[in-house]
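Down below is the structure, laid out as structure tokens.
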Amino acid sequence: MTPHYYNTIEKPSMAEFKDRGSRFIAFAFPIINVNEFKEILDSVKKQHPKATHHCFAYRLGTEQNKYRASDDGEPSGTAGRPILSQIDSNQLTDIVIIVARYFGGTLLGTGGLINAYKTAASFALEAAIVIRKPVCTRYRLDFDYTFMNDVMLIGKQFDCVIVQKEMGLYCSLMMDIPISSIDEVLVKLGNLKRVEVEKVQQ
């Protein structure tokens, strides 16, 4: 059963953890797709070009089945997985955490690395604002301009999100409708008669 809501973070956050000279700077970002993650990772690497490692984990989607974890040269399982465990233990999705490590000259060992990456990630999440968002389905609406106020009123009433709009004598909207309200919204849009509604495959 698809959940009606999911948790993510409102905006980027940052935190730092130190252990025996090594610095672990953690960045948490809300993301909506893999391309956005890649841009953010490139940006962090440019901000911290001298960091020894840029380890990360992300999870995407309301089904929470899209994820990736990277140790970026650290011993296998000591960085990406501990970061991902913090995302999952907080039941978050549409988020990436990147940890830039500056090596301090002392080897931390497997246990030390796991603890350091886990702690840095948890600190970044403690600094973040967690928000709940509705799970939505996207629809395309086509209608005469005279129906604009009616359509927008329905959208506002049920917390729908306008993703894209083309205005003219004939209008087209891309609208994300919360699945908890989808039946009611479609009935109300259907009552407008001359509004064409089509589900968008994402």
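Below are the figures for this structure:
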quantity: Pairs, first in contact (Cβ under 8 Å) with a residue 60 or more places away in the chain in segment 35-48, second among the acidic types (D, E) and surrounded by 13 or more Cβ atoms within 10 Å (Cβ to Cβ), C-beta under 6 Å, six or more apart; calculated: none
quantity: Residues of segment 2-42 classified as of a type in the set (V, I, T), touching a Ser or Thr at 6+ places or on another chain (Cβ under 8 Å) and surrounded by fewer than 16 Cβ atoms within 10 Å (Cβ to Cβ), total; calculated: 1
quantity: Hits in segment 116-131 - residues which are out of contact with any Cys (no Cβ under 9 Å at 6 or more places or on another chain) and either modelled with pLDDT under 95 or farther than 27 Å from I177 by Cα (or both); calculated: A116, K118, T119, A120, A121, S122, F123, A124, L125, E126, A127
quantity: Matching entry among V185, V151 (being farther than 19 Å from Y5 by Cβ and surrounded by 11 or more Cβ atoms within 10 Å (Cβ to Cβ)); calculated: V151
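The values are calculated or read from the model by the stated rules, or taken from the named source; none is laboratory data. Quick caveat, the model's predicted, so the values are computed rather than measured. Glycine gets a Cβ as well: all are built from the backbone with ideal geometry, and neighbour counts include every protein chain shown.
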